[in-house]
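Undergrad: I have a structure I would like to understand better, so I am pasting it below and will then ask my questions one at a time.
Every number here is computed from the coordinates shown, using simple stated rules; none is lab data. Model, not experiment: these values are computed from the prediction. Note that we place each Cβ from the backbone using ideal geometry, even for glycine, and neighbour counts take in every protein chain shown.
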Amino acid sequence: MNVNRLDHIGIAVENLETSSILYRDVLGIEHGGVEDVPDQKVRVAFFPVGDSEIELLEPTTGDSPIAQFIAKRGAGIHHMAIRVDNLPAALDRAREAGIRLIDEQPRAGAGGARIAFVHPKSTGGVLLELCERG
C-alpha cells in the first residue's frame, strides 16, 4: 500500500451554505464546488487547502449516515481520508493484517474518487477513508 498524503478531512454539517461561510468568507479559502452523492445520501462542498481538502458533508435525507452521525454526536469531524495508489491492494493488505473494514470493495465517492472505509475499532476510534483518485 502506497500512502501518498492526507486527501481530505470530512466534516459533518447540518447546512452547507451556513457552514461554508467560515471557510469561504472568513478564512478566504476558494470554494471548490458542490456535489451530490446520491448513493451516500449526502451533498458535499469542497475547500482545497494546499494538497488536501476540507470536505463538508450535509445529509440529504434523515436516514443518511451523516444525519445519523449528527443526531448521535453533533456536527463535527466525521472522517479522515488518506490517498492510496491502489485501493484494491490497500484493502487486501488491510484484510491480511486483520483490519476490520466497513467496505470490502471500493465504491464511488465524491470528486470522482474510489473509496473504502476502515472501521474505527481498527484505527483507535477514527473513521478512516482510503481514497484513490485517477
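Undergrad: Given Cβ point charges of +1 (Lys, Arg) and -1 (Asp, Glu) and nothing else, what value in debye, to the nearest 20, does the dipole of the range 82-134 about its Cα centre take?
TA: 100 debye
Undergrad: Give the residue from His119, Ala81, Phe47 lying farthest towards the positive end of the charge dipole for the chain; charges sit on Cβ (+1 for Lys and Arg, -1 for Asp and Glu) and the dipole is referred to the Cα centre.
TA: Result: His119.
Undergrad: Could you run the Karplus curve 6.51 cos²θ - 1.76 cosθ + 1.60 with θ = phi - 60° over the range 46-59 and give me ³J(HN,Hα) per residue in whole Hz, x for Gly and Pro?
TA: Running phi through 6.51 cos²θ - 1.76 cosθ + 1.60 with θ = phi - 60° gives 10, 9, x, 9, x, 8, 10, 9, 9, 10, 8, 10, 10, x Hz.
Undergrad: Against the globular-protein guess of 2.2 N^0.38 Å, express the Cα radius of gyration of the chain as a ratio, rounded to two decimals. Provide the component values of the computation, followed by the final result.
TA: On the way: Rg = 14.6 Å, N = 134, 2.2 N^0.38 = 14.1 Å.
Dividing the Cα Rg of the chain by 2.2 N^0.38 Å gives 1.03.
Undergrad: I need the calculated FRET efficiency for the pair Val126 and Leu22, taking r as the beta carbon distance and R₀ as 22 Å, to the nearest 0.05.
TA: Details: r = 23 Å, r/R0 = 1.03.
After rounding, the FRET efficiency stands at 0.45.
Undergrad: State, to one decimal in nm, how far the label point of Ile77 lies from the label point of Glu14, with both points 7 Å from Cα in the Cβ direction.
TA: The answer from the label model is 2.2 nm.
Undergrad: Still on this structure: Starting from 0.36 nm per residue, how many nanometres of slack lie between His119 and Lys41 once their C-alpha separation is accounted for?
TA: Net length gain for the segment: 26.1 nm.
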